[in-house]
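J.: Structure in structure tokens, see below.
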Amino acid sequence: MLAGKTALFAALIAAAGLPLYIHLPRFATAELGLSLSAVGTILIALRIVDFVQDPALGWLVDRLPRWRAALAAAAAFGLSTGFLLLFVVAPPVRADLWMALALLLLFTAYSLATILLYGQGIALAEATGGSGHLRIAAYRESGIIAGVVLAAAAPSLLALTAVDPYRSFGLLLAGAAALVWAATRDLWSLPRAVSPGTGLARLHAAGAAPLLLLALVNALPVALTSTLFLFFVEDRLALAGSAGLFLILFFASAGLSAPFWARAAGRHGARTILLAGMSLSVAAFIGAAGVPAGAAAAFAAICIASGAALGAEMVVLPALFSARLSAAALPGGQAFGLWAFVAKAALALAAVTSLPFLEVSGYRPGGPNPAEALAALTFAYAILPCILKLAAIALVVRLPERAIKT
């Protein structure tokens, strides 16, 4: 029962992660009149805030274990309000300032909710026993994928029936935040005994520090493709009408494959499964670079393959990190505060590097683009992620044995 509620809460917070980076560039340029460079600057500025904020939120969660339910309620309220401010309320001040404030609230609530959920996952896994970390990770990441699928596809689906799809999107997410919080209030009741304090030295001693570096490098390829997905589909492949379907295929493949990867990791070992998933991802990036315009079936196959590869990484990496914290009896707050910061830093780095690069290369979203601009888009969407994924593979090969045990 609690494992299912973990998936439900994960689905909610997923809407404030990748889907925002998928929709934000298009929403900000088309609805708010901002440039791609302005969007990238806002995102990296907020990541600077996260550098202090996420560990601080983790510290707060560790210090107030009896207040986890109240903190979860605050996170859900912050998500609901943030969605309304960003997508529903017309900016009463400068659009860039208003968007920055709305995103600050959203990302703060997202960080708090993520830290709470992953930290509580350790307690649930310890209560489960056996391969509990992989089992809880499979539930949680499947929930995240379901949330990403729904939130990523929602504006395209709402555009079929709503006059203002982004406004309807904001209202839908705000209502979902309230309903999910009400349904998962007992998720935070399971206690966990830990030794006080975390710190980088203790994370390193527990074998968790190398996993943070791997998480950052490995998140960058997905962050790049997520940020540029709509641009690549609409302008490079000329398949704008199929973008929603491609997103559903990608994330549905990841979610459906997650239980399989969890079982396979328990049977064959985490390192073997990570390398298999990452190798599949490299093959998908290479395929995406060569897909010609209009090749919907070929790109659909690539979305399915790359989604399945993502499923392996989303299940195994958090399970490894949780297992290291559990083995050392470390609290999860500050540790997953760092984990949340790493994930958001990857998304921001992708935006702040790729969006200005495309602008300088002459790329204009939705407009006529020369071959050089589309080549730059292909490089940023497929070639650079492939290079980064190879770097992540090298890190997996070099991981010490104790860091790779679940």
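The values are calculated or read from the model by the stated rules, or taken from the named source; none is laboratory data. Given the structure is predicted, the values throughout are model-derived calculations rather than measurements. Using ideal geometry, Cβ is built from the backbone for each residue, glycine included, and neighbour counts are taken over all protein chains shown.
J.: List pairs: first in segment 247-268 and more than 25 Å from residue 154 (Cα to Cα), second surrounded by fewer than 24 Cβ atoms within 10 Å (Cβ to Cβ) and modelled with pLDDT under 85, Cβ under 6 Å, 6+ apart or cross-chain?
T.: Matching pairs, first to second residue: 266/131.
J.: Another question, then. If you take the residues in segment 32-53 that are of a type in the set (S, T, N, Q) and in a helix (DSSP H, G or I), which one is surrounded by the fewest Cβ atoms within 10 Å (Cβ to Cβ)?
T.: First pass over segment 32-53, keeping only residues of a type in the set (S, T, N, Q): 35, 37, 41, 53.
The next check asks that each one be in a helix (DSSP H, G or I); those that pass are 37, 41, 53.
On the way: 37: 14, 41: 18, 53: 20.
Restricting to residues being of a type in the set (S, T, N, Q) and in a helix (DSSP H, G or I), the top hit is 37.
J.: So residue 134 ticks every box in (1) surrounded by fewer than 24 Cβ atoms within 10 Å (Cβ to Cβ); (2) among the hydrophobic types (A, V, I, L, M, F, W, C); (3) over 18 Å from residue 12 (Cβ atoms); (4) touching a helix residue (DSSP H, G or I) at 6+ places or on another chain (Cβ under 6 Å) but one. Which box is left unticked?
T.: (1)
J.: Need pairs with beta-carbon distance below 9 Å; first residue within 12 Å of residue 365 (Cα to Cα) and within segment 218-243, second in a helix (DSSP H, G or I) and polar (S, T, N, Q); sequence gap 6+ or separate chains.
T.: From residues that are within 12 Å of residue 365 (Cα to Cα), the pairs are 228/354; 232/225; 232/378; 233/242; 236/378.
J.: Shifting gears a bit: Would you mind telling me which numbered condition in (1) among the small types (Gly, Ala, Ser); (2) at pLDDT below 90; (3) surrounded by fewer than 22 Cβ atoms within 10 Å (Cβ to Cβ) residue 111 fails?
T.: (3)
J.: Residue 242 versus (1) more than 18 Å from residue 22 (Cα to Cα); (2) modelled with pLDDT under 90; (3) of a type in the set (S, T, N, Q): which is the lone unmet condition?
T.: Single failed check for residue 242: (1).
J.: Residue 364 passes all but one of (1) at pLDDT below 90; (2) crowded, with 17+ Cβ neighbours inside 10 Å; which number fails?
T.: Among (1) at pLDDT below 90; (2) crowded, with 17+ Cβ neighbours inside 10 Å, residue 364 violates only (2).
J.: Give segment 150-174 a look and list any residue that's closer than 18 Å to residue 89 by Cβ and free of Cβ contacts under 8 Å to residues at least 60 places away in the same chain, or say none.
T.: 158, 162, 163, 164, 165, 168, 172
J.: Sticking with this one: Could you give me the residue pairs with C-beta distances under 9 Å whose first residue belongs to segment 47-68 and is under 20 Å from residue 325 (Cα atoms) and in contact (Cβ under 8 Å) with a residue 24 or more places away in the chain, whose second residue is assigned to a helix (DSSP H, G or I) and of a type in the set (Lys, Arg) wherever it lies, and which are 6+ apart or on separate chains?
T.: 54/344; 61/68
J.: Surrounded by fewer than 19 Cβ atoms within 10 Å (Cβ to Cβ), modelled with pLDDT of 80 or more and under 20 Å from residue 170 (Cβ atoms): is that true of residue 56 in this structure?
T.: Details: surrounded by fewer than 19 Cβ atoms within 10 Å (Cβ to Cβ): yes; modelled with pLDDT of 80 or more: yes; under 20 Å from residue 170 (Cβ atoms): no.
When the stated conditions are applied, residue 56 does not pass them.
J.: Of the residues that make up segment 247-269, is at least one modelled with pLDDT of 80 or more, surrounded by fewer than 18 Cβ atoms within 10 Å (Cβ to Cβ) and of a type in the set (Ser, Thr, Tyr)?
T.: no
J.: Still on this structure, I have one more. For segment 79-98, which residues satisfy the criterion of being within 23 Å of residue 154 (Cα to Cα) and either among the small types (Gly, Ala, Ser) or not in a helix (DSSP H, G or I) (or both)?
T.: Listed by number, the residues that qualify are 80, 82, 89, 90, 91.
J.: I would also like to ask the following. Would you mention how many residues in segment 61-78 are at pLDDT below 85, assigned to a helix (DSSP H, G or I) and among the aliphatic types (A, V, I, L, M)?
T.: 1
J.: What number of residues in segment 291-308 are assigned to a helix (DSSP H, G or I) and either of a type outside the set (Phe, Trp, Tyr) or more than 17 Å from residue 240 (Cα to Cα) (or both)? Write out each step before concluding.
T.: Residues of segment 291-308 that are assigned to a helix (DSSP H, G or I), as a first pass: 296-308.
Retained after the next criterion (residues that are either of a type outside the set (Phe, Trp, Tyr) or more than 17 Å from residue 240 (Cα to Cα) (or both)): 296-298, 300-308.
Total satisfying the criteria: 12.
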